[in-house]
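Below is one structure, written out as structure tokens, with a few remarks after it.
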Amino acid sequence: DWNLISAPSSISSPTLKLEYNRFCEDSINNFVNMQVDIIRSYNSKAYVAINTILDDKSPNYSKISSSFSMSLFDSEPLADSADDENSKESQAFALDMMRCLHHKRFWVANTNRTKAENGNIPTKTFAPNMISGFAMQALAHGADTIINFMWRSPLTTAQMFTQSIIDHSNIPSRKFNEFAELCANAGKFSCIYKTKIISDIAIVYSHDSDIALKMQPQSAGFDYLKQLKMYYSAFARLGANIDVVDECADLSDYKIVVAPSIFVNNTPAVENLYRFVVGGGTLLLTCRSGVKNNNNNCIAQPLPTVFTELTGITVAECSSIGNTQQT
């Protein structure tokens, strides 16, 4: 009986936690597909999308997005990129990740709303030229439509202190003028609509590894997504185009693939990386790859286990360093 099955707790087995997460995501996917089927039963040509956002509770969009006409990403960039040295790259990382979902049409929403740490704390306003700056960034990373939000700061509700094009003064000001200038210039960018972004480099995102490493971070300060963004930033600063792809995506068109900490391993994903290397590609793996099987249980082999033949190495022993350097 369903009453005999409890949701996992903080002390539950990692195997149960990961499987429960998969069950929840399958439930979301089934529900979303049911909604899409209802819409298309009335209009088979309807464009259907769902807002996506990247945070600690994001589902596996590579599964969910397959039923949609396009990817629609809620972009809520920081008000001032100078506040965070990685914010520009982080925003670009998210844009490229959304663009690579099934390589469909890519729309950006919420691009004029700044991210708030707390709904009760007023968000920062956009620094001068950042309204057009973030719009240009989205276009450069493959977006073909940008939906701006919010137009006017609300006078009530939990979002009343969210910065908008027109603030509580109700008087058009600098932000309005910058937005109007962006709209006036938008027609000049029509030449990019039929272009295609070609990348020689891909960074592999493993959703199962992300979930598992949130449960059991392998050292103090370890953050799976931050790892991916650091490699992304290194390539981006050299002016390279980068795709952020699912672990089972077709890798045949890339010259370099970076797959940081493939912690949880399933056969199709492992075979995909082997196939890429056999085909002449250069693969970069990092620490804590090959640790667990698809059930989130440790593999009883010397690390990197499933990647030993591929790398030609054996890890004799390992230790968690954490935030301090050991000597």
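The values are calculated or read from the model by the stated rules, or taken from the named source; none is laboratory data. What you see is a predicted model; the values in this text were computed from it and never measured. No Cβ is skipped: glycine too gets one built from the backbone with ideal geometry, and neighbour counts run over all protein chains shown. Accessible surface areas use protein heavy atoms only, side chains included; no ligands, DNA or RNA. Shrake-Rupley method; radii C 1.70, N 1.55, O 1.52, S 1.80 Å.
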>> Nearest 500 deg cm²/dmol is fine: what mean residue ellipticity at 222 nm does the chain get from its DSSP H runs of n ≥ 4 alone, each adding -39,500 (n - 2.57), divided by its residue count?
In response: -10000 deg cm²/dmol
> For Kirkwood radius over Cα pairs in Å, which listed value, (i) 22.0; (ii) 22.9; (iii) 21.2, comes from the coordinates shown?
Replying inline: (i)
>> Per residue, how large is the accessible surface of the chain? Use a 1.4 angstrom probe and give square angstrom.
In response: 56
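Heavy atoms only, probe 1.4 Å: what % of the accessible area of the chain goes to carbon and sulfur, would you let me know?
Numbers: 10150 of 18320 Å².
It is 55 percent, rounded to a whole number.
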> Among bridges DSSP assigns within the chain, what percent are antiparallel (round to 5)?
Replying inline: 5
> By the gyration tensor of its Cα atoms, with a ≥ b ≥ c the square roots of the eigenvalues, what is the shape of region 134-252: rounded for a/c under 1.5, prolate for a/b over b/c, or oblate?
Replying inline: oblate
> How large is the charge dipole for the chain, taken about the Cα centre, if only the Cβ atoms of Lys, Arg (+1) and Asp, Glu (-1) carry charge, to the nearest 20 debye?
Replying inline: 700
>> Using +1 at the C-beta of Lys and Arg and -1 at the C-beta of Asp and Glu, which of T267, V108, S90 has the Cα lying farthest in the positive direction of the dipole of the chain?
In response: V108
> Within the set K104/K196; K104/K175; K124/K214; K188/K255; K63/K104, which residue pairs have Cα atoms separated by over 23 Å?
Replying inline: K104/K175; K124/K214; K188/K255
> Once you sort the root eigenvalues of the Cα gyration tensor of region 207-304 as a ≥ b ≥ c, which label holds: rounded (a/c under 1.5), prolate (a/b larger than b/c) or oblate (the other case)?
Replying inline: oblate
> Ranked by accessible surface with a 1.4 Å probe, highest first, in what order do E271, E309 come?
Replying inline: E309, E271
> To the nearest 10 square angstrom, how much accessible area does C191 have with a 1.4 angstrom probe?
Replying inline: 100
>> Show me the ranking of peptides 290-303, 127-140 by mean Cβ neighbours inside 10 Å, starting with the highest.
In response: 127-140, 290-303
